[in-house]
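The values are calculated or read from the model by the stated rules, or taken from the named source; none is laboratory data. Because the structure is predicted, anything quoted here is derived from the model rather than measured. Note: ideal-geometry Cβ built from the backbone for every residue, glycine included; neighbour counts use all protein chains shown.
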Amino acid sequence: MSVFERIPVGKTSDDVAHQIEALVLEGILRVGEQLPSERDLAIETGVSRPVVREAILLLENRKILRRQQGGGTYVNDIIGQVFSDPIVELLGHHKKATVDYLEYRREIESVATGFAAERATKSDRELLEKIIEKMKQAHQAANFDVEAQVDVEFHSLIGEMTHNLVLMHTLRSCYRLLSEGIIKNREQLYDTGGRQALFEQHMNIANAILQGNKDAAIKASRFHIDYILKRSAHVAMQLERERIAGLRNKQRS
């Protein structure tokens, strides 16, 4: 089923470009996704190939689309990062940054989760149920890599379910710090026995959203991040104790 709609007769390349822009802005077309060929786009939108070609060129000039060597037109990276590269590097090297990052997430995600519970459509809920199923399978298989990936998908979808464009794109950019390994607390949390607790917390958030219970969704969201904050502090303390004990052992050997 195509996400593109037919353009009324007499419309121009600007109208085709506007439709593609809207699909990108709403998160329907995601960064890195390939568009249909010019021929297929022309058929789906009901305009000529030259009009489609001109629309794509307009969006290339606006840095929304990019042509890849070897063929194909793709959605460009329009999300970017909340932080500049130097700040991202500093965040990856300072422990306090993890705490500040989680505090930020706690506040913004609680708002997003509340909106999601209020505004979720039938299709939103169907998507959430699919991600929950993926999360269950990854958890049962004890596959950390997949769990971590689905974790980001889960929270990103909640951002989409707010139907607030600013919240959605802000959260997507924020989660890049996780998916690109800048914030590394998840590995430690999973390795130290937090897998089951985190899984249950995700289920509680999802169930509250599916039930349309705004207050429960906000509460579950804040509890989730508060748990990660406390667990991260505990893990950091344990690692520091082990480091000190290791130095003593090495010195006395």
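Inspect all residues belonging to segment 26-33 and state whether any of them is surrounded by fewer than 18 Cβ atoms within 10 Å (Cβ to Cβ), modelled with pLDDT of 90 or more and at negative phi. No - not one qualifying residue is present in segment 26-33. Across segment 188-200, a minimum of one residue is classified as modelled with pLDDT of 90 or more, aromatic (Phe, Trp, Tyr) and within 20 Å of the chain's Cα centre (by Cα). Residues that are in contact with a Ser or Thr (Cβ under 7 Å, 6 or more places away or on another chain), assigned by TED's automatic domain parsing to the domain that holds Glu153, at pLDDT below 90 and within 22 Å of Val146 (Cβ to Cβ) occur at least once in segment 178-186. Within segment 115-135, residues that are within 14 Å of Thr162 (Cα to Cα) have Cβ atoms under 9 Å from residues that are of a type in the set (Asp, Glu) and in a helix (DSSP H, G or I) in these pairs: Ala116/Asp124; Ala116/Glu160; Ala117/Asp215; Asp124/Glu160; Leu127/Glu160, counting only partners at least 6 apart in sequence or on another chain.
Conditions (1) farther than 20 Å from Leu102 by Cα; (2) assigned by TED's automatic domain parsing to the domain that holds Glu118; (3) in contact (Cβ under 8 Å) with a residue 40 or more places away in the chain; (4) among the aliphatic types (A, V, I, L, M), marked per residue:
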position: Met203; (1), (2), (3), (4): no, yes, yes, yes
position: Ala220; (1), (2), (3), (4): no, yes, yes, yes
position: Ser232; (1), (2), (3), (4): no, yes, yes, no
position: Arg243; (1), (2), (3), (4): yes, yes, no, no
